[in-house]
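Heads up, the thing below is written out as structure tokens.
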Amino acid sequence: SGYPLFLLLARAVASVLVGSVATRVNALAAVADAVAAGLLTFAAARLSRITAAGILAGGLFAFSSRVWSYATVAEGFALNNLIIAALVATLAAAEPKASQRHVAIAAALLGLGIADHLTSVFVSVPIVVWLLLSAWRAGATASSLVLTASACGVAGLMPYVYLPFASAGHAAVSWGDETSLAGFVRHVSRAEYGMLQLASTHVGTASSGLDHALA
């Protein structure tokens with residue numbers, strides 16, 4: 001139950017494609033980074049008004065060794081790349097004046113990004129703030145913009161609803177107990193794993209069910 005958005009999408013992809021589970025889930029990462037490259041191509045071309053610049057930006061991203069390595073394995077980084085690329089593309093599409101629709105899309109992507117990887121906030125929050133200000137200056141009312149951004153942001157966070165159910169299922173390996181409020185907050189804030197440390201000393205050990213599953 002580590003990354004709810006990635007796991008839910010991976011499960012959906014694995015249920016419709018053919019081949020081994022590993023191949024099917026790896027395909028999700030490959031497609032995510034491929035689409036991300038396309039979105040970055042569009043964004044760079046639109047912002048610079050130079051098609052060649054867009055192709056260069058998308059190509060440099062697509063053939064980066066680090067991007068490529070994570071586009072061929074079952075990891076959440078490719079999905080994170082896709083969400084950030086979609087945010088940048090939304091920013092480019094909104095230039096020079098954003099509308100309430102751009103704010104709604106970006107806020108939903110902000111929520112989805114948090115449901116995949118918290119580091120996305122370093123890109124998503126500034127973009128959403130800029131779009132809010134741009135749309136407000138274009139004539140949209142502040143109250144409607146805030147309401148739209150809040151509603152769409154919460155909608156993007158909905159994959160987190162999956163966590164308590166996943167934790168209650170007693171999986172062989174689980175990152176903590178999200179059935180309680182304290183456990184849910186600890187997990188979402190990445191106190192046990194992820195951003196600053198891979199895991200605490202008790203996560204992923206026999207107490208989490210791994211050794212029991214192998215026994």
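Out of the total accessible area of the range 19-77 (probe 1.4 Å, heavy atoms of protein only), what percent is carbon and sulfur? Show your work: numbers first, answer last.
On the way: 2420 of 3400 Å².
Result for the range 19-77: 71 percent of the exposed heavy-atom area is carbon or sulfur.
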Checklist entry - Under the Karplus relation 6.51 cos²θ - 1.76 cosθ + 1.60, θ = phi - 60°, what is the ordered set of whole-Hz ³J(HN,Hα) values for the range 25-35, x standing for Gly and Pro? => result 6, 4, 4, 4, 5, 4, 5, 4, 6, 5, 5
Next on the checklist: Tell me which trypsin sites (Lys or Arg not before Pro) from the range 36-136 have a DSSP coil assignment and no more than 14 other beta carbons within 10 Å of their own.
Outcome noted: Arg49, Lys97
Item to check | Pairwise label distance in nanometres, Val121 with Thr179, each label 7 Å out on the Cα-Cβ vector | outcome: 2.8 nm
Item to check | In Hz, Karplus ³J(HN,Hα) per residue of the range 108-125 (6.51, -1.76, 1.60; θ = phi - 60°; x = Gly, Pro) | outcome: 5, 5, 4, x, 5, x, 5, 6, 10, 7, 5, 5, 4, 5, 5, 9, 5, 5
Checklist entry - Ordered by residue, what ³J(HN,Hα) values in Hz, to whole numbers, does the range 143-157 give under the Karplus form 6.51 cos²θ - 1.76 cosθ + 1.60, where θ = phi - 60° and Gly and Pro are x? => result 5, 5, 5, 5, 5, 5, 5, 5, 5, 5, x, 5, 4, x, 7
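Determine the per residue accessible area of the range 57-131 with all protein chains present and a 1.4 angstrom probe, expressed in square angstrom. Walk me through the numbers before you get to the answer.
Details: 3280 Å² over 75 residues.
Heavy-atom SASA per residue in the range 57-131 reads 44 Å².
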Checklist entry - Working out 0.36 nm times the residue gap between Ala142 and Leu60, then minus their Cα-Cα distance, what length gain in nm do you get to one decimal? => result 25.7 nm
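So for each of 20-33, 109-122 I average, over its residues, the number of other beta carbons within 10 Å; can you give me the resulting order with the highest mean first? Before the final figure, lay out the partial values.
Numbers: 20-33: 17.7, 109-122: 21.1.
The peptides rank, most packed first, as 109-122, 20-33.
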Item to check | Distance-filtered residues of the range 72-107 - backbone nitrogen under 18 Å, label point 7 angstrom along Val31 Cα→Cβ | outcome: 72-86
Item to check | Cα-centred dipole magnitude for the range 1-141, charges only on beta-carbon of K, R (+1) and D, E (-1), debye, nearest 20 | outcome: 300 debye
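Using a 1.4 angstrom probe on heavy atoms only, work out the carbon and sulfur share of the accessible area of the range 98-166 in %. Don't jump to the answer; show the numbers that get you there.
On the way: 2570 of 3270 Å².
That share works out to 79 percent.
The values are calculated or read from the model by the stated rules, or taken from the named source; none is laboratory data. A quick note: this is a predicted structure, and the numbers were derived from the prediction, not measured. Because the Cβ atoms are built from the backbone with ideal geometry, glycine has one as well, and the counts that use them run over all protein chains shown. For the accessible areas, the whole protein counts, side chains as well, though only heavy atoms, and no ligand, DNA or RNA atoms are used. Shrake-Rupley method; radii C 1.70, N 1.55, O 1.52, S 1.80 Å.
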